[in-house]
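Contents: one structure, followed by commentary.
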Amino acid sequence: MTVDAPARVSPLSGWQDTFARLPVGIQVQELCFLTQITLRANAEGPAARAVESLLGLRLPAASRAEMSGEIKALWMGPDEWLLIAPADTGATLLMELRSAIGEEFATVTDVSAQRTVLSLSGNLTRRILAHGCALDLDPRVAPVGACYTTLLAQTGITLVVLAEAAPSMWLLVSSSFAPYTATWLVDASTEYGGETG
């Protein structure tokens, strides 16, 4: 007798129809089941250099993100980064990271179930986020590649600026708070119902 694995359900399963009804100036999409791995290592140490060599990227400095490749790297704090990779690559990536690090001092931990990723784009993105985020998101202050851990409507998030000309951002939010965040985004968008940005 074979037992089927339980179906995976994203934190915002069923929200796509609601997101589709948002004003033209903002689009929201959940990026489901991305692999997320926390790396803790000395930024100047051999473990960090080994990870950079393996991934073909430079671990970003404070409040920055490296988003150009298949594997993304977000600065989360001193000597801490979040590596984001395609879905279902966690086991392989962990093995490769641990092999590259070897005996050097560092930790890698799969935290994929901890949070989900919301992709926001459109001309209204910054205006809507400004209703609940104290950060100045003007492109002169928060340029492409900026990465901030902050609050949005009293919910802890990590915000990454992806593009400026057509504003695009990622919001990483705890899976348990994702429905609250989605509800807030829909509510904050209501007043822009007739606008295109």
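The values are calculated or read from the model by the stated rules, or taken from the named source; none is laboratory data. Model, not experiment: these values are computed from the prediction. Don't worry about glycine lacking a Cβ; one is built from the backbone with ideal geometry, like all the others, and counts go over all protein chains shown.
Side notes on the structure shown:
- Matching entry among LEU151, LEU137, LEU159, LEU118 (being farther than 26 Å from LEU54 by Cα, touching a helix residue (DSSP H, G or I) at 6+ places or on another chain (Cβ under 9 Å), not in a loop (DSSP other than H, G, I, E, B) and not hydroxyl-bearing (Ser, Thr, Tyr)): LEU118
- Region 168-187, residues that are in contact with a helix residue (DSSP H, G or I) (Cβ under 8 Å, 6 or more places away or on another chain) and either assigned to a helix (DSSP H, G or I) or of a type in the set (Phe, Trp, Tyr) (or both): ALA182, LEU185, VAL186
- The residue that is nearest to ARG58 (Cα to Cα), among those in region 87-115 that are assigned to a strand (DSSP E or B) and within 19 Å of the chain's Cα centre (by Cα), is VAL108.
- Residue within region 55-75 that is of a type in the set (Ser, Thr, Tyr), farther than 24 Å from LEU12 by Cα and touching a residue at least 24 places away in the same chain (Cβ under 8 Å) present: yes
Residue-by-condition table, conditions (1) over 30 Å from ALA188 (Cα atoms); (2) surrounded by fewer than 20 Cβ atoms within 10 Å (Cβ to Cβ); (3) of a type in the set (Asp, Glu):
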site: SER10; (1), (2), (3): no, yes, no
site: VAL24; (1), (2), (3): no, yes, no
site: THR38; (1), (2), (3): yes, yes, no
site: GLU96; (1), (2), (3): yes, yes, yes
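Okay, residues lined up against (1) surrounded by fewer than 18 Cβ atoms within 10 Å (Cβ to Cβ); (2) outside the structural domain of LEU59 (by TED's automatic domain parsing); (3) under 18 Å from the mean Cα position of the chain (by Cα):
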site: LEU135; (1), (2), (3): yes, yes, yes
site: PRO139; (1), (2), (3): yes, yes, no
site: LEU152; (1), (2), (3): no, yes, yes
site: ILE157; (1), (2), (3): no, yes, yes
site: ALA163; (1), (2), (3): yes, yes, yes
site: LEU171; (1), (2), (3): no, yes, yes
site: ALA182; (1), (2), (3): no, yes, yes
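Residue-by-condition table, conditions (1) out of contact with any helix residue (DSSP H, G or I) (no Cβ under 6 Å at 6 or more places or on another chain); (2) outside the structural domain of ALA178 (by TED's automatic domain parsing); (3) at positive phi:
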| site | (1), (2), (3) |
| --- | --- |
| ILE26 | no, no, no |
| PRO46 | yes, yes, no |
| ALA50 | no, yes, no |
| SER53 | yes, yes, no |
| ALA62 | yes, yes, no |
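- Residues that are among the basic types (Lys, Arg) and touching an Asp or Glu at 6+ places or on another chain (Cβ under 8 Å), drawn from region 17-66: ARG40, ARG58
- Among the candidates GLN16, GLN29, residue that is surrounded by fewer than 20 Cβ atoms within 10 Å (Cβ to Cβ) and farther than 18 Å from VAL160 by Cα: GLN16
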